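One structure below.
FYI, it's all coordinate maths here, none of it is from the lab. Owing to the predicted nature of the structure, the values given are computational and were not obtained by experimental measurement. Counting neighbours? That spans all protein chains shown, and the Cβs are built from the backbone with ideal geometry, glycine included.
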Amino acid sequence: MNKNTFAPTPPMGWSSYDYYDTTVNEVQVKANADYMKKHLKEYGWEYVVVDIQWYAYGAGTMRDRYQYIPFSKLEMDEYSRLLPCRERFPSSAGGRGFKPLADYIHGLGLKFGIHIMRGIPRIASHNHGKIPGTFVTADRIANPFSICGWNSDMYGVDAKAEGAQEYYDSLFLLYAEWGVDYVKCDDICNTNLYVNNRYSGEKEIEMLYKAIQKCGRPIVLSLSPGPALIDKAWHYEKYANMWRITDDFWDSWSLLLNMFERCELWQKHVLPGCYPDCDMLPPGWIGKGFGQERMTGFTREEQITMMTLWCIFRSPLMLGAELTKLDEWTLSLLTNKRVFALMGSSHQAVQIARDEKHAVWFSKDSESGNCYVALFNFQEAEAEVNTVFEELDLNTRMEKKNMPEKIRHGIIKNEVHLEELWTGEGAVSKERKITADIDAHGAKLYHITIK
């Protein structure tokens, strides 16, 4: 398990990708940060992340042909390190990089993050760029046989080459100077171009980890894209704080339904400081940078299902919507403190049941003894979903030192009081089961109290 304490609970924040794609600029980042400070910060949202290609000129100008313009102009210093594009991030001029923007976000009481691609810029390798603190040039550490299948910016770094670790060290020293709190590294969690070696970035993950340890600043490390490889769980847990368990997640019911399989696979690997990542949340307005600005395709019921699963599973929560356009209903979904309590470090969740019609999850707070049950309806119409006490094993799961003897050492016979955390509605179960009528693709999340 990763020994750093940079992320004691799953990170919560906003990333620019789902709305802006490659095109986000400084004004837009600040506007979303301002909104987060005013409306979301008190509920746990704190990271503001500038996503992919912040260093690229002309990003998004050929979107009808390319998402990432092949071999486009990149802003870079003499030491082979990418810098913010000055046209989009004017405060970066004069070699200041992201420090002015990070200072602005820190001034709001928030944290600042950036996206990077695995490796070293190809153009630095072609031009034999310098590597700080060495006499080695970029072409000597680049591996031209290690590339990304969907972005042409980088070559992989040869971990065995002299100067390789020094290059990654120099990156994170720069990021520490800027005030970066979070780095999302792409084309590394699953290098899916190489079907026979999907974990070819393994040694680069280790170099990233070592660079963070040396840089003098706590920087959360997030790995993308997925799906993460379950047989490498130990490696993710040792060297990263979060890792994607899916490819890009969008507003499609089929993708949301599939996340139940992925969460089932990874549920035992949610650990303090280490989080399987269900990917960004796409409520509200998304897609502008992709040329198709739209309100999320998820129904309200599907959004409740998404938020319930992400929270009870304890995935990181990264919003992809344009925050300044959030409507009141969506904002209410993102400001429910009772639901977000499930993200606490003392919670651990387990899937109790799943078939083609429904799923049931259970979570217990090991400190307070509070217990929660989530019921999910996968069907295309309203349906009854239930779970029985024997299935939940409430006697064992709710046991705590101060629990009454009649419950702690016997069979639960008393009333079980339920509070649905999205609506605040109460209910009482007297038949040793929890039952709810749930809308199509919807969910109910209950706090359980035994009287």
Item to complete: List the residues whose amide H sits under 5 Å from the amide H of MET76, counting only those 5 or more places along or on another chain, with H placed 1.01 Å from N in the peptide plane.
Response: LEU83
Discussion item. Show me, for region 24-35, the HN-Hα J-couplings you get by feeding each phi into the Karplus relation (A = 6.51, B = -1.76, C = 1.60, θ = phi - 60°), rounded to Hz, glycine and proline as x.
Written reply: 4, 10, 4, 4, 5, 4, 5, 4, 5, 5, 4, 5
Fill in: q = 0.07, 0.10, 0.12 Å⁻¹, the chain: log10 I(q)/I(0) [Debye, one scatterer per Cα]
-0.37, -0.73, -1.00
Item to complete: Return, for the Cα atoms of region 29-167, the radius of gyration and Dmax in Å, separated by a comma.
Response: 16.9, 50
Fill in: Under the Karplus curve 6.51 cos²θ - 1.76 cosθ + 1.60, θ = phi - 60°, whole-Hz ³J(HN,Hα) for region 293-310, x wherever Gly or Pro sits
4, 7, 6, 3, x, 6, 5, 4, 4, 5, 5, 5, 4, 4, 5, 5, 5, 4
Discussion item. Quick query: amide H of PHE249 versus all other amide H atoms, modeled in the peptide plane; which residues come in under 5 Å with a sequence gap of 5 or more or a different chain?
Written reply: MET280
Worksheet item: Which of the listed residues, THR299, ALA7, TYR372, is farthest toward the dipole's positive end in the chain, when Lys, Arg count +1 and Asp, Glu count -1 at the beta-carbon?
Response: ALA7
Worksheet item: Could the peptides 87-96, 436-445, 313-322 be put in order, highest first, of the mean number of other beta-carbon atoms found within 10 Å of their residues?
Response: 313-322, 436-445, 87-96
Worksheet, complete the sentence: Quick calc, LYS160 & LYS238: beta-carbon distance into FRET formula, R0 30 Å, rounding 0.05, result 0.90
Discussion item. Below 8 Å, C-alpha to C-alpha, sequence gap of six or more: please give me the relative contact order for the chain in percent.
Written reply: 14
Fill in: For the chain, calculated [θ]222 nm from helices alone, where every DSSP H run of n ≥ 4 adds -39500 (n - 2.57)
-7000 deg cm²/dmol
Discussion item. Using the crude model of +1 on Lys and Arg Cβ and -1 on Asp and Glu Cβ, and no other charge, please compute the dipole size for region 64-181 relative to its Cα centre, in debye to 20.
Written reply: 200
Fill in: Radius 12 Å from Cβ of TRP253, net charge of other residues (Lys, Arg +1; Asp, Glu -1)
-4
Discussion item. I'd like to know which of ILE212, ASN258, SER92 lies farthest towards the positive end of the charge dipole of the chain, counting +1 on Cβ of Lys and Arg and -1 on Cβ of Asp and Glu.
Written reply: ILE212
Worksheet item: Using alpha carbon centroids, what distance separates region 348-387 and region 79-97, in Å?
Response: 48
Worksheet, complete the sentence: By the Kirkwood definition, with r running over pairs of different Cα atoms, region 143-292 has a hydrodynamic radius in Å of 16.5
Worksheet, complete the sentence: Calc'd 3J(HN,Hα), region 348-361, phi into Karplus 6.51 cos²θ - 1.76 cosθ + 1.60 (θ = phi - 60°), Hz, glycine/Pro = x, comes to 9, 10, 9, 7, 8, 7, 7, 9, 6, 10, 7, 9, 9, 10
Worksheet entry | Summed side-chain charge close to LEU174 - residues other than LEU174 whose Cβ falls under 9 Å, Lys, Arg +1, Asp, Glu -1 | -1
Worksheet item: So, in Å, what gap is there between the alpha-carbon centers of region 1-72 and region 125-147?
Response: 28
Worksheet item: Hey, rough spin-label estimate for SER346 and MET62, points 7 angstrom out along Cα→Cβ, what's it come to in nanometres?
Response: 5.6
Worksheet item: Between THR5 and SER152, what length in nm is gained on full extension when 0.36 nm per residue of separation is reduced by their alpha carbon distance?
Response: 49.5 nm
Worksheet item: Cross-link partners among lysines for LYS444, C-alpha distance below 22 Å, same-chain residues fewer than 8 apart left out?
Response: LYS337, LYS357, LYS364, LYS430, LYS433
Discussion item. Under the rule of at least 5 residues apart or a separate chain, name every residue whose amide H is placed under 5 Å from the amide H of SER152.
Written reply: PHE71
Item to complete: Might you report the magnitude of the Cβ-based charge dipole of region 173-233 about its Cα centre, with Lys and Arg at +1 and Asp and Glu at -1, to the nearest 20 debye?
Response: 120
Practice prompt. Arrange TYR194, TYR209 by Cβ neighbour counts within 10 Å, fewest through most, would you?
Written response: TYR194, TYR209
Worksheet, complete the sentence: Rounded to the nearest 0.05, FRET efficiency between ASN386 and LYS325 (Cβ-Cβ, R0 35 Å) equals 0.35
Response to the item:
Between TYR194 and LYS337, the FRET efficiency computed from the C-beta separation at R0 = 41 Å comes out, to the nearest 0.05, as 0.40
Discussion item. Suppose a student asked you for the relative contact order of region 264-331, using Cα pairs under 8 Å spaced at least 6 residues apart; what percent would you report?
Written reply: 42
Worksheet item: About its Cα centre, what dipole magnitude does region 12-345 give when the only charges are +1 on Lys and Arg Cβ and -1 on Asp and Glu Cβ, stated in debye to the nearest 20?
Response: 460
Worksheet item: What number in nm² do you get for region 261-335 if you take the convex hull of its Cα atoms and divide its surface by four?
Response: 5.8
